[in-house]
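No lab work stands behind these numbers, since they all come straight from the coordinates. This structure is a prediction, so every number in the text was calculated from the model and none was measured. Positions of Cβ are generated from backbone atoms using ideal geometry, with glycine treated the same way; all protein chains shown enter the neighbour counts.
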Amino acid sequence: MKRDMTKKKKNDNVDEPKGRGFFAYLNRHPIQESALIALVLAFVMEIISRRSLISAVSFTFHSPHFFLAGWAVIFLTLSLAPLFPKKIFIYCLFGILWVSMAITNAVLVVVRTAPFEAVDFSIIRTGLGIITIYMKVWQIILIALAILAALAGIVVLSIKVKSQRVMLRRALIGIGLSALISFGLIVPLNLLGYYPYAFSNLTESYDRYGFTYCFTCSIFDRGVNRPEGYSKDAVEKLTAKIDQETPVKTDATPNVIILQLESFFDVGRLGDVTFSENPIPYFTKLKEEYSSGLLTVPTIGAGTANTEFELVTGMSHHDFGTGEYPYKSFLQRQSCESVPYLLGELGYTSHAIHNYSATFYARNVAYASLGFDSFTPIEYMNGLEYNPLGWAKDKILTEMILDALHSTDGRDMILTISVQGHGKYIAAEDPRITATSGSIDEDTLASLTYYINQINEMDDFLRDLTTALSFENFGEEVLLIMYGDHLPSMALTQDDFAEGNMYQTDYVVWSNRPLERETRDLYAYQLSAYALSKVGISRGNVIRLHQTELAAGTEDYGDELRLLEYDLVNGKKYAYGKTERYEIKDMQMGVKEITLTSIAPLGEKTFLASGTNFTEWSVVYLNGKKCNTVYVSPTHLRVTGKELKPGDTVTVEQVSVDRVRLGATDPIVYRASDAPPPKSWGERFGWTIPVGAIVFFGLLELTVVLLRRNKKKKK
């Protein structure tokens with residue numbers, strides 16, 4: 001009897017599934033329960049991510065197989081809930097996570113015109129650094145409060161929800177069934193071509209195939225998929241063809257500069273828009289005088305690093321995983337055939353320059369894997385000016401490019417990434433150039449007005465740069481490839497364009513020596529090969545493949561390109577004889593060395609660090625600990641709150657916007673001999689002697705006077 005009472009007490013907080021009715025039935029049958037909740041959740045998520053009930057209904061009935069694919073994925077996650085005594089809490093937890101991702105997707109489509117992908121989790125740190133540009137303070141506070149409220153709700157729910165008896169056998173059957181449905185539905189239909197695994201247009205794909213399916217693909221789809229027929233013979237046959245038709249040659253060796261202009265395109269391509277004056281008169285002139293055309297890029301409104309990747313490697317980003325950033329994936333651990341490596345074989349020194357943080361898209365790591373010898377980010381720059389949004393103006397890049405060119409005696413290859421044209425695009429105050437339109441709404445027109453005034457300044461930068469690089473001023477041959485990375489993230493549609501589409505920007509191939517002019521539309525991954533062919537540089541498997549097919553006028557050679565990409569990135573590297581051809585570089589940060597030459601006390605708990613090329617991102621470390629550092633000038637930093645003691649070790653480090661330590665000077669050890677000698681008694685107190693004497697004799701004289709007066713009164 002006593003044993004029975006103990007058993008009853010132990011299970012007091014566990015409810016037995018009981019009762020009648022629909023919900024009671026679901027409670028006793030976890031498979032049906034999970035499936036139904038997943039069905040409702042899948043539909044709600046489509047409403048949220050599409051921001052339209054009608055669009056969600058249309059998608060569900062017109063593309064039921066894609067809707068069911070999304071449902072199957074959600075069902076698989078929810079099928080885990082019946083394994084827990086508090087399954088209602090687990091259902092709510094997974095539901096909140098899925099709905100939150102759908103809301104995030106809806107917001108990102110509006111803000112950056114690109115949907116939410118799994119890779120966004122890897123660049124959260126990057127996004128937090130610029131969140132204040134896209135959102136107001138009260139919006140950030142509201143989001144933070146909403147997150148805290150959601151977390152508090154989850155905690156309360158976990159406490160309040162009563163436990164139920166776990167029906168383990170049914171729960172395990174449910175997991176197995178959901179897994180069978182998910183993989184049995186998606187994998188075979190994927191292999192048969194009914195479900196795509198690669199998306200050429202992410203935004204359209206999310207609309208066509210549904211948020212859940214596309215987001216799931218972005219989790220598992222990485223690298224280049226193995227092409228059909230991949231083998232050693234296939235690769236060797238392709239490389240032999242390239243060698244025969246485009247042998248390795250180098251007719252000239254000019255300095256090569258690749259200039260990526262943030263969100264830049266020729267706004268003259270817009271249809272129903274009139275400008276008070278041409279915002280980019282110099283770029284228009286360059287298009288008329290040098291080889292130019294439309295450039296098809298892999299992204300809209302965001303994804304700068306992926307366009308950059310195509311230019312540097314010649315590889316098509318669409319052949320990689322869904323929404324993948326190669327800078328954040330395989331380039332974090334392995335090298336890759338690229339323009340810097342190929343030109344390095346000719347004796348070039350390669351530099352990268354970016355007037356924003358080194359860690360943006362993990363460039364501080366990826367650039368070393370791409371073969372750059374040096375990288376100068378904003379943390380290594382002085383003399384910056386900023387636009388109203390806080391982005392550094394591009395005019396600084398002329399000086400940075402010249403510094404890189406002058407840093408070596410030989411030829412240089414320079415990749416320069418600008419940032420001034422970056423969004424968010426706000427209403428401009430007293431704009432110098434205005435825009436009018438009969439079809440674009442007022443908010444978009446206000447954003448466009450701000451944008452055209454920014455690219456007008458970028459156009460001035462192009463004029464200054466080409467003037468500085470002219471043969472008369474620079475004295476060496478230069479090949480300059482300039483292009484826009486993607487369209488700006490504003491509410492423009494295809495109907496607003498009179499020429500080209502929303503995946504096309506503009507490019508110009510400029511040289512300070514005569515080159516044959518040509519108008520030709522290209523893909524971004526073809527541009528470097530095309531420009532290098534104009535000066536007789538032909539090296540590397542991918543570059544020479546493009547040059548072969550461009551010369552032949554071949555429009556579709558994607559299978560051959562994909563074969564090379566897979567072999568070089570994920571395959572056996574048959575093109576290199578199964579060896580790693582390139583080693584990751586020991587990349588130098590900045591072309592001007594930052595040095596610490598001396599340290600000296602300034603007073604109590606204050607000292608001065610002296611050296612060269614300090615910037616606003618220079619931070620003094622005392623015995624390995626960060627100090628409160630005040631930037632004084634490129635040669636001086638002041639430290640407060642710390643007192644130097646003999647034996648202390650001091651270094652100066654460059655620290656990124658998100659607190660990543662990028663580089664450090666050689667340390668200096670503070671010695672007793674470096675300290676000023678202690679002050680003598682006279683030096684410490686000498687100034688008090690005359691003052692004290694004056695006060696003493698003054699008081700003495702006053703005392704005597706008072707005593708005399710007192711004697712007179714008594715008489």
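Sorting HIS636, HIS62 on the 10 Å Cβ count, fewest up front, what's the list?
On the way: HIS636 13, HIS62 10.
Ascending Cβ contact count within 10 Å gives the list HIS62, HIS636.
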Gain on full stretching of the segment that runs from LYS573 to ASN501 - 0.36 nm per residue minus C-alpha separation: 22.3 nm
Treat each spin label as a single point 7 Å out from the Cα along the C-beta direction, and report the LEU180 to ASN628 distance in nm. 6.8 nm
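Past the 32 Å Cα-Cα mark, which pairs from LYS424/LYS585; LYS328/LYS578; LYS328/LYS642?
Details: LYS424/LYS585 35 Å; LYS328/LYS578 25 Å; LYS328/LYS642 39 Å.
Check vs 32 Å cut-off fails for LYS424/LYS585; LYS328/LYS642.
Which of the trypsin sites (Lys or Arg not before Pro) across the stretch 423-525 are loop residues per DSSP, with 14 or fewer other Cβ within 10 Å? Before the final figure, lay out the partial values.
Values: sites: LYS424, ARG432, ARG463, ARG517, ARG520; in loops: LYS424, ARG432, ARG517, ARG520.
Taking the stretch 423-525 and a limit of 14 other Cβ atoms within 10 Å, the loop trypsin sites (Lys or Arg not before Pro) found are ARG432, ARG517, ARG520.
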With the dipole of the stretch 250-588 defined by +1 on each Lys or Arg Cβ and -1 on each Asp or Glu Cβ, the option from THR449, PHE474, ILE584 whose Cα lies farthest towards the positive pole is ILE584
For the stretch 516-523, 3J(HN,Hα) per residue [Karplus equation, 6.51 cos²θ - 1.76 cosθ + 1.60, θ = phi - 60°, Hz, x = Gly/Pro]: 5, 7, 8, 9, 8, 7, 9, 8
Hz values of 3J(HN,Hα) by residue in the stretch 74-81 - Karplus curve (6.51, -1.76, 1.60), Gly and Pro given as x: 5, 4, 4, 6, 6, 5, 6, 4
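Contour minus end-to-end for ALA551 and PHE220, with contour as 0.36 nm per residue of separation and end-to-end as the Cα-Cα distance? Walk me through the intermediate numbers first.
Values: separation 331, 0.36 × 331 = 119.16 nm, distance 3.71 nm.
The ALA551-PHE220 span can extend by a further 115.4 nm.
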Note, the stretch 326-334: 3J(HN,Hα) by Karplus (6.51, -1.76, 1.60, θ = phi - 60°), whole Hz, Gly/Pro = x, goes x, 4, 9, 10, 5, 6, 7, 9, 8
What whole number of Å gives the distance from the Cα centroid of the stretch 416-436 to the Cα centroid of the stretch 316-347? 31 Å
Roughly how many nanometres apart are two label points built 7 Å out from the Cα toward the Cβ at VAL156 and GLU580? 5.4 nm
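For GLY475, what charge total do you get from the other residues with a beta carbon under 15 Å from its beta carbon, if Lys and Arg give +1 and Asp and Glu give -1?
Values: positive: ARG411, ARG513; negative: ASP409, ASP412, GLU472, GLU476, GLU477.
Here the count lands on -3.
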Counting other C-beta atoms within 10 Å, which of PHE375, PHE67 has the fewest, and how do the rest follow? PHE67, PHE375
Provide the FRET efficiency to the nearest 0.05 for the SER470-LEU39 pair, computing r from the beta carbons and using R0 = 45 Å. 0.10
Taking the number of other C-beta atoms within 10 Å as the exposure measure, put LEU36, LEU479 in order starting with the fewest. LEU36, LEU479
Taking R0 as 35 Å and r as the Cβ-Cβ distance between LEU602 and HIS406, the FRET efficiency 1/(1 + (r/R0)^6), rounded to the nearest 0.05, comes to 0.50
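Calculated FRET efficiency, ALA491 and ARG659, Cβ-Cβ r, R0 30 Å, to nearest 0.05?
Numbers: r = 35 Å, r/R0 = 1.15.
After rounding to 0.05, the efficiency reads 0.30.
Go through LYS285/LYS534; LYS287/LYS573; LYS395/LYS592; LYS395/LYS605 and tell me which ones have a Cα-Cα distance over 29 Å in this structure.
Numbers: LYS285/LYS534 20 Å; LYS287/LYS573 39 Å; LYS395/LYS592 19 Å; LYS395/LYS605 39 Å.
Beyond 29 Å between Cα atoms: LYS287/LYS573; LYS395/LYS605.
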Spatially proximal aspartates and glutamates relative to LYS237 (Cα-Cα < 18 Å; intrachain offsets below 8 disregarded): GLU228, GLU245, GLU549, ASP559, GLU560, GLU565, ASP567
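Using packing as a proxy for protection, rank 38-51, 396-409 so that the peptide with the highest average count of other Cβ atoms within 10 Å comes first. Please list the in-between numbers first.
On the way: 38-51: 20.5, 396-409: 18.4.
Top to bottom by mean Cβ count within 10 Å: 38-51, 396-409.
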Cα centroid distance between the stretch 159-185 and the stretch 60-114, in Å? 16 Å
